Amino acid sequence: MTGEKKIPHNHRMHKPLIGIGSDVAQKNGERDRAFVYTTYIESLKRAGAVPVLIPPQPENAADVLDGLDGLLLAGGDDCDPSEYGEEKHPSCETMDPRRQQNDVGLARLARQRGVPTLGICLGLQVMNVAAGGTLIQDIDSAVDTDIDHASAPSDRHRHDVHIEASTKLGRILGTRALNVNSSHHQAVGRVAEGLRVTARAPDGVVEAIEDPSHVFYLGVQWHPEDMPGEPSATAIFGAFVDAARKHAHEKGNASTEMSPVGAAQSE
């Protein structure tokens, strides 16, 4: 026997509840819609989670996170550069301000509370901005590169990324090189304090970040939800859901210990 504490079988099989920050669609003459693309939902389900949508409600961020085991920040339009103190570049197409306020608030609070968080494309950028970092507003005008980072979502081009080995992402993927899809015209600029770059494209563009002090606070610039069946995507979502499941187990233990019955049993 080892000294490792075993997790009961029912906790190992627990499906963690993971919230996805929703986008907002506006169309003249119709009611606004809060939505997420189903590829995020299906990726989380395949990894063993129960996905739920988080419509914009920044005033309820704390209560929302209390009920979740993990947070996914999805892709979308651009972050308003006023959030990080810059003027808007002509190419910038900002997301709905309700979504931005919601996503930035969730990212900031999830990091503070230790809630496992995965950011994808815009989600990675939101994580950096929420922590005090900045963005490159237009890669084509700021970076000398032959890589087509901003290929259309309907036909995403691919390129290689170099992954730092001594990072959570490196341990998850088990490789130093990966070929990924790409559909973004913005990227991380100044990296926020406490965050670490964990992957770059050959032209130096940041492709992944994480908080090394956090149980799971990781963002990737590519779209693993649109790479179903590829081992790297399976590994990323699997590690995220595992972290959320562990977080749920720890929350359950803490809740039991704080209850009158749990307190009595511990005496």
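Structural remarks
- Looking only at residues in the range 15-57 that are of a type in the set (D, E, K, R) and in a strand (DSSP E or B), the one that is farthest from Thr117 (Cα to Cα) is Arg33.
- Inter-residue pairs, beta-carbon under 8 Å, first surrounded by 13 or more Cβ atoms within 10 Å (Cβ to Cβ) and in the range 25-47, second in a helix (DSSP H, G or I) and of a type in the set (D, E, K, R), 6+ apart: Tyr37/Glu225; Thr39/Glu225; Thr39/Asp226; Tyr40/Glu225; Glu42/Glu225; Ser43/Glu225
- Criterion: surrounded by fewer than 19 Cβ atoms within 10 Å (Cβ to Cβ), out of contact with any strand residue (DSSP E or B) (no Cβ under 6 Å at 6 or more places or on another chain) and more than 19 Å from Tyr84 (Cβ to Cβ) - qualifying residue of Pro212, Pro231, Pro224: Pro231
- When the range 147-175 is filtered for residues that are surrounded by fewer than 20 Cβ atoms within 10 Å (Cβ to Cβ), assigned to a strand (DSSP E or B) and under 20 Å from the mean Cα position of the chain (by Cα), only His162 remains.
- Test result for Arg111, of a type in the set (Lys, Arg), under 20 Å from the mean Cα position of the chain (by Cα) and surrounded by fewer than 24 Cβ atoms within 10 Å (Cβ to Cβ): yes
- Residue count for the range 78-98 satisfying the condition of being without any contact (Cβ under 8 Å) to a residue 12 or more places away in the chain and touching a Lys or Arg at 6+ places or on another chain (Cβ under 9 Å): 1.
Residues are listed down the side, and each one gets a yes or a no for (1) polar (S, T, N, Q); (2) under 30 Å from Pro58 (Cα atoms); (3) free of Cβ contacts under 8 Å to residues at least 60 places away in the same chain; (4) out of contact with any helix residue (DSSP H, G or I) (no Cβ under 6 Å at 6 or more places or on another chain):
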{"site": "Leu124", "(1), (2), (3), (4)": "no, yes, no, yes"}
{"site": "Gly132", "(1), (2), (3), (4)": "no, yes, no, yes"}
{"site": "Leu135", "(1), (2), (3), (4)": "no, yes, yes, no"}
{"site": "Ala142", "(1), (2), (3), (4)": "no, no, yes, yes"}
{"site": "Ile147", "(1), (2), (3), (4)": "no, no, yes, yes"}
{"site": "Arg156", "(1), (2), (3), (4)": "no, no, no, yes"}
{"site": "His159", "(1), (2), (3), (4)": "no, no, yes, yes"}
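- Of the set (1) surrounded by fewer than 16 Cβ atoms within 10 Å (Cβ to Cβ); (2) closer than 16 Å to Ser22 by Cβ; (3) not hydrophobic (A, V, I, L, M, F, W, C), all apply to Gly105 but (1).
Only the coordinates and a few stated rules stand behind these numbers; no lab work does. No experiment lies behind these values; they were computed from the predicted model shown. Neighbour counts run over all protein chains shown; Cβ positions are idealised from the backbone, glycine included.
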